1. Report yes if D280 is open to solvent by 10 Å² or more (accessible area, probe 1.4 Å), within 20 Å of T28 (Cα to Cα) and not basic (K, R), otherwise no.
2. State which residue is farthest from K377 (Cα to Cα) when the search covers only the range 184-197 and only residues that are free of Cβ contacts under 8 Å to residues at least 40 places away in the same chain and open to solvent by 30 Å² or more (accessible area, probe 1.4 Å).
3. Can you name the residue in the range 260-277 that is open to solvent by less than 10 Å² (accessible area, probe 1.4 Å) and touching a residue at least 60 places away in the same chain (Cβ under 8 Å) and, of all such residues, is nearest to F110 (Cα to Cα)?
4. Out of G128, G97, G115, report the one residue that is at pLDDT 95 or above and within 24 Å of A350 (Cα to Cα).
5. Just name the residue that is nearest to S373 (Cα to Cα) out of those in the range 198-236 that are free of Cβ contacts under 8 Å to residues at least 12 places away in the same chain and open to solvent by 80 Å² or more (accessible area, probe 1.4 Å).
6. In this structure, does I14 turn out to be surrounded by 14 or more Cβ atoms within 10 Å (Cβ to Cβ) and modelled with pLDDT under 95?
7. Look through the range 314-333, keep the residues that are at pLDDT below 95 and of a type in the set (A, V, I, L, M, F, W, C), and return whichever of them is farthest from the chain's Cα centre (by Cα).
8. Return yes when K315 is within 21 Å of Q230 (Cα to Cα) and open to solvent by 50 Å² or more (accessible area, probe 1.4 Å) and no when it is not.
Amino acid sequence: MADRDILARVADGIASFAPADWDRCAGTGNPFLTHAFLSALEESGSATAATGWQPVPIAIDGPDGRPAAVMPAYAKSHSQGEYVFDHTWADAFQRAGGAYYPKLQIAVPFTPVPGRRLLTRDPALAPGLIAAAEALVHNHCLSSAHATFIDEGEVEVFERAGWLIRIDSQFHWHNEGFAGFEDFLATLASRKRKAIRKERAAAVEGLRVAHITGADITEAHWDAFWRFYQDTGARKWGRPYLTRPFFSMLGERMADRVLLVFAYRGDKPIAGALNLIGADTLYGRYWGCIEEVPHLHFELCYYQAIDAAIARGLKRVEAGAQGGHKLARGYRPVPTWSAHYLANPGLRAAVADYLEQERRAVAQEIRALDEMSPFRKG
């Protein structure tokens, strides 16, 4: 595939790259874009052709023969595990006689975490990656390409290439240089401060909470977390996306970037949350429990994450997709972006009209939600 004098190739998988070569393009600030994380998804059987996530990463090699730009891409046979929902697009296209699947997904599988998708050592190569994705769509009769949860700085690059931009929102917590949780609470309205203190106390009554990271994480911890994860997966998705070996690989390859927050009743772990530690952000990912305790989800996933971010001097906590209940707990709405390339002109025109209306509605919703935040006014 070529864009002027740029030649791109499709690799067999991220595991086929040398870790240093991939990370030289991706950086290491966002743990989800690292070779360690993405290759673990492949090698654990989580993101594979059998699960509908066939890895087809795109690379552009530099003069030294090593990758100068890479893109995490997957041939998808469904729309599960993406968190940017295009099911209605697929249904409409298929009712009109088209084949929506397979499609190309440029993303971190199963993970609604914003970040770069055009991973380059030289920003001038970013349009080449986009052109390569378009060529892959046309050369292999795919319906479309979707770059989800792209970095804000990439929006203009995709727009210039003619891709359609979609806006959604998440709730993130922002660290304003707080020395501790009480400093954060001081920024909230009095009624909200009291409600959170009461909620935290009730959540941990009779329990012990522990933060576990690095070499302290054992296979016993992963066994316990797997039970938690299966419970959540069975309720939300029907079956968990990630396999048990994935978590062991995460511990083997990235233990220093993993933070497990467990709640114990006596010596028995009854609930837990998994976070990954980035350069300036704590990313909350998965949670589950084997005993229902009121407010414990909020405590382990949101308040303990704030505690951990303050202790580490991190700027943000990103607690995943959706969840308006985060608003009352000090997490503010922020926009997220995705970019979409639709090969069929009729489908593209219909989606473009829809997205124009959706963008206005989402922007209005973000403004309205921010007005409802628990922070002190004035």
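1. On the way: open to solvent by 10 Å² or more (accessible area, probe 1.4 Å): yes; within 20 Å of T28 (Cα to Cα): yes; not basic (K, R): yes.
It is true that D280 is open to solvent by 10 Å² or more (accessible area, probe 1.4 Å), within 20 Å of T28 (Cα to Cα) and not basic (K, R).
2. Only one residue tops the list, namely R197.
3. Taking the range 260-277 as the starting set, the residues that turn out to be open to solvent by less than 10 Å² (accessible area, probe 1.4 Å) are 260-263, 270-276.
Next cut, touching a residue at least 60 places away in the same chain (Cβ under 8 Å) only: 270, 276.
Numbers: I270: 24, L276: 14 Å.
Within the range 260-277, the match that is nearest to F110 (Cα to Cα) is L276.
4. Going through G128, G97, G115 in turn, the sole match is G97.
5. Result: K198.
6. Judged against the criteria, I14 is not a match.
7. Step by step, filter the range 314-333, then rank; the result is A328.
8. Working: within 21 Å of Q230 (Cα to Cα): no; open to solvent by 50 Å² or more (accessible area, probe 1.4 Å): yes.
No; evaluated as a whole, the condition is false for this residue.
The values are calculated or read from the model by the stated rules, or taken from the named source; none is laboratory data. Bear in mind that the values here come from a model prediction, so they are computed numbers and not experimental data. Cβ coordinates were reconstructed from backbone atoms using ideal geometry, including for glycine residues, and neighbour counts include every protein chain displayed. Keep in mind that these areas ignore ligands, DNA and RNA; they rest on the heavy atoms of the full protein, side chains included. Shrake-Rupley method; radii C 1.70, N 1.55, O 1.52, S 1.80 Å.
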